[in-house]
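**Q** My questions will all concern the structure given below.
Each reported figure results from applying straightforward, stated rules to the coordinates on display, with no laboratory input. Fair warning: this is a prediction, and the values are worked out from it, not measured in the lab. Cβ sites come from the backbone with ideal geometry, for glycine too, and all protein chains shown count toward neighbours.
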Amino acid sequence: MSSRAGKLLSGDLAAWTATLAWIFAILFGLMLLIGAPFGEAIQGFFSGAFGGRRFAFLMATLSRSTLIIGMALSVMLSFRAGLFNIGGEGQLIAGGLVSALVAIMLPGPPLLVLASAIVAGMAAGAAWALLAGVLQVYVGVPLLVGSLLLNFPIRFIASYLVAHPFRDVASGMVQSHLVPQETWLPYFPGVRLDIGILLVAVVAVATIVYSYKTTHGYHARLNGLSGDFARAVGLPVTKLTLQTLAMSGAIAGLVGAIAVFGIHHRYVDGMLVQPLYAWTGIIAVLLVGMIPWLVPISGFFFAAIQTGAAGMERAAEVPKEIALVMQAVIILFVASRVSGALLSPPSSEK
Amino acid sequence: MLDLLLDPAFLASVPRFLTPLLLAALGGAICERAGVFNIGLEGMILTGAFAAVVGAYFAGSPYVGALSAALAGLAMGVVFAEFNLRRGGDAIVVSIAINLLAAGLTTYLLRVIFDVTGTFNSPDIAGFSAVHMPGLAGIPVLGPLLDGQSPLFYLSLILVALAHVFFARHRLGLRIRAAGENPAALKAGGVNPDKVRLLALMMCGALCGLAGAQLSIANVNLFVENMSAGRGWIAIVAVLLTRGRPWPLFFITLLFGVVDSLSFRVQGLGMPQQFTDMMPYLATLAVLTAISWWYRKSRT
């Protein structure tokens, strides 16, 4: 573990400086294009990511990190097992949608409703991931395209459900009714940050322990490093694949539930798609070469870029979409240096 | 059902769906044959769609629009090559970054150049108008499909035939196949496989750019954020299923195009829009599943 982290951070100092110089040159070039005042833009960036009255913006960053880190942990389990599950978005939507609908329809004591909704959301996420897994294992549909294509149907199913049968018509928006207020995740005292981040922290610890300390995690990782070897030593590869995908999907589903009960308090059409949580989670994992304990840090980093860009827009009228460009450029320059060989499928599978 | 399939309005709408898929899939096929695992088609299409609108708006000509789309796509291909081939980044990682880069750059430049978010719509975007050729309209049944389409549709049909000859006989086409199948032999022959792959990526980018141009200045005259809407992924499925062979590629994208336009038609019959929206993806999944199943069965 430490040797891989070392490889990640060390390397040629000059090369890293050049990389950073490139990234900043591209950013400043883009800002120059619109003649934005650099000083105000940078100040806006930092206050947008970490500042605000009573740290309101920092809380927004943490709230966004919660979802990004959750999605990152979800795909990390798959990636480390050699499974190119890029359908996190669909699993996230399935989880958010189902948990919201369960909470709206199920009567009962709030805590029980919340717990059932979260469990149902996790089950829905797991089921959606398993669908892609079953298609790969039993039919031979490559997981990479199968999981990706499954993002689209669920997106439209969710859109239909909150546009027609479950729509809160009076609100005038395409969204479901509010989930009962008693089921909302409480805020930490004095700040606008829900306790969802604690749930993700638990997941983070659990995935690290799972990856390094359990036999199942070890087998899954082995399967990722060499599927042929795993098969040759008699590991139940099919079962490992499906179980790993189910875990990935369940985490994604949990993240969807956190977005519902902690942030939006209902299912709003597009709320899990537009901010690209799933894709940001994927690049957060790739940035740090899939090293589990670094994932929360890189998730926070990307969340800060997004909220910082919003701050930059407020302060210096730089379109906040620059955040996406920044992320892509960072991934191009950095991830191509660190996580190369880890992800490519062995040539026999291509 | 047969009535629906022979309906001239339906037939005339098939190329709208077929052309972008076919152009992008041909691009993907070149990468596939060259041994580059490019799943960044989506981003290249989106880049092309945006550049086409920019070119058509400022030059007032759809041909300039298409040219700028091809060039912008080509530039994305060069970026891909730089990070994948020269810097050794993983193809999947680079692809994901290319897709994000395209989404980011187009929305950012949309605001910088046109000062709008979401959609840019202006009467000054010079889109392609339908090309009418004498004789085509008179062909029974297929007349409405073949006549009165955008020039890019005819180009895409020509390109299928050209691609077939290209891979079978042309020197670069053969080198591209060698780069995919046996790069060591290519190297031994004194040709750098990565240079061949760079050319493949440039061609792929240009074709995807044209696919984007069909979306933004032929099917409609506007740019919408993320208007590629998964077509790059559907094109990748077509490439994977046919291993990048041009004629099978044509028929499978034709199948997807027919299904897409059918679902567009049934929207008029009272189906909720969300269901018709998901049709293309379900159809792709269904075909993918059926063919994968058949492959697996025929192998064992």
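**Q** Can you go through B:V237, B:V196, B:V224 and tell me which one is in contact with a Gly (Cβ under 8 Å, 6 or more places away or on another chain) and in contact (Cβ under 8 Å) with a residue 12 or more places away in the chain?
**A** Numbers: B:V237 fails: in contact with a Gly (Cβ under 8 Å, 6 or more places away or on another chain); B:V196 fails: in contact with a Gly (Cβ under 8 Å, 6 or more places away or on another chain).
Among B:V237, B:V196, B:V224, only B:V224 is in contact with a Gly (Cβ under 8 Å, 6 or more places away or on another chain) and in contact (Cβ under 8 Å) with a residue 12 or more places away in the chain.
**Q** Against the conditions (1) in a helix (DSSP H, G or I); (2) over 30 Å from A:K320 (Cα atoms); (3) in contact with a helix residue (DSSP H, G or I) (Cβ under 9 Å, 6 or more places away or on another chain), where does B:I158 fall short? Just the number, please.
**A** Going through the list (1) in a helix (DSSP H, G or I); (2) over 30 Å from A:K320 (Cα atoms); (3) in contact with a helix residue (DSSP H, G or I) (Cβ under 9 Å, 6 or more places away or on another chain), B:I158 breaks only (3).
**Q** From (1) touching a Phe, Trp or Tyr at 6+ places or on another chain (Cβ under 9 Å); (2) touching a residue at least 24 places away in the same chain (Cβ under 8 Å); (3) under 15 Å from A:S74 (Cβ atoms), pick out the condition that doesn't hold for A:I251.
**A** Status for A:I251: all satisfied but (1).
**Q** List every residue pair whose Cβ atoms lie under 6 Å apart, where the two residues are 6 or more positions apart in sequence or sit on different chains, the first residue falls within the range B:102-115 and is facing chain A (nearest Cβ under 9 Å) and within 16 Å of B:A52 (Cβ to Cβ), and the second residue, located anywhere, is of a type in the set (S, T, Y) and part of a helix (DSSP H, G or I).
**A** Taking only residues 6 or more apart or on different chains, the pairs are B:A102/B:T47.
**Q** So which helices (runs of 4 or more DSSP H) are wholly in the range B:197-300 and hold at least 3 residues that are closer than 21 Å to A:L148 by Cβ, more than 14 Å from chain A (Cβ to nearest Cβ) and out of contact with any Pro (no Cβ under 9 Å at 6 or more places or on another chain)?
**A** Values: elements: B:231-242, B:246-266, B:273-299.
It comes to B:246-266.
**Q** Is it the case that the range A:46-59 has a residue that's on the phi > 0 side of the Ramachandran plot, assigned to a helix (DSSP H, G or I) and over 11 Å from the mean Cα position of the chain (by Cα)?
**A** So the first thing to find is which residues in the range A:46-59 are on the phi > 0 side of the Ramachandran plot, and the list is A:52, A:54-55.
Next, only the ones that are assigned to a helix (DSSP H, G or I) stay: A:54-55.
Okay, now just the ones that are also over 11 Å from the mean Cα position of the chain (by Cα), so A:54-55.
Checked against the condition, which is being on the phi > 0 side of the Ramachandran plot, assigned to a helix (DSSP H, G or I) and over 11 Å from the mean Cα position of the chain (by Cα), the range A:46-59 yields at least one hit.
**Q** Same structure, new question: State which residue pairs qualify: first residue facing chain B (nearest Cβ under 7 Å) and inside the range A:133-159, second residue surrounded by fewer than 21 Cβ atoms within 10 Å (Cβ to Cβ) and β-branched (V, I, T) in any location, beta carbons under 8 Å apart, and separation of 6 or more residues or different chains.
**A** From residues that are facing chain B (nearest Cβ under 7 Å), the pairs are A:L135/B:T289; A:V139/B:T289; A:V141/B:T289; A:S159/A:V174.
**Q** Output the residues belonging to the range B:280-300 that are surrounded by 20 or more Cβ atoms within 10 Å (Cβ to Cβ) and under 27 Å from A:P165 (Cβ atoms).
**A** B:P280, B:Y281, B:T284, B:L285
**Q** Could you look through the range A:177-215, keep only residues that are more than 23 Å from the chain's Cα centre (by Cα) and not in a loop (DSSP other than H, G, I, E, B), and pick out the one that is surrounded by the most Cβ atoms within 10 Å (Cβ to Cβ)?
**A** If we take residues in the range A:177-215 being more than 23 Å from the chain's Cα centre (by Cα) and not in a loop (DSSP other than H, G, I, E, B), then A:T183 is surrounded by the most Cβ atoms within 10 Å (Cβ to Cβ).
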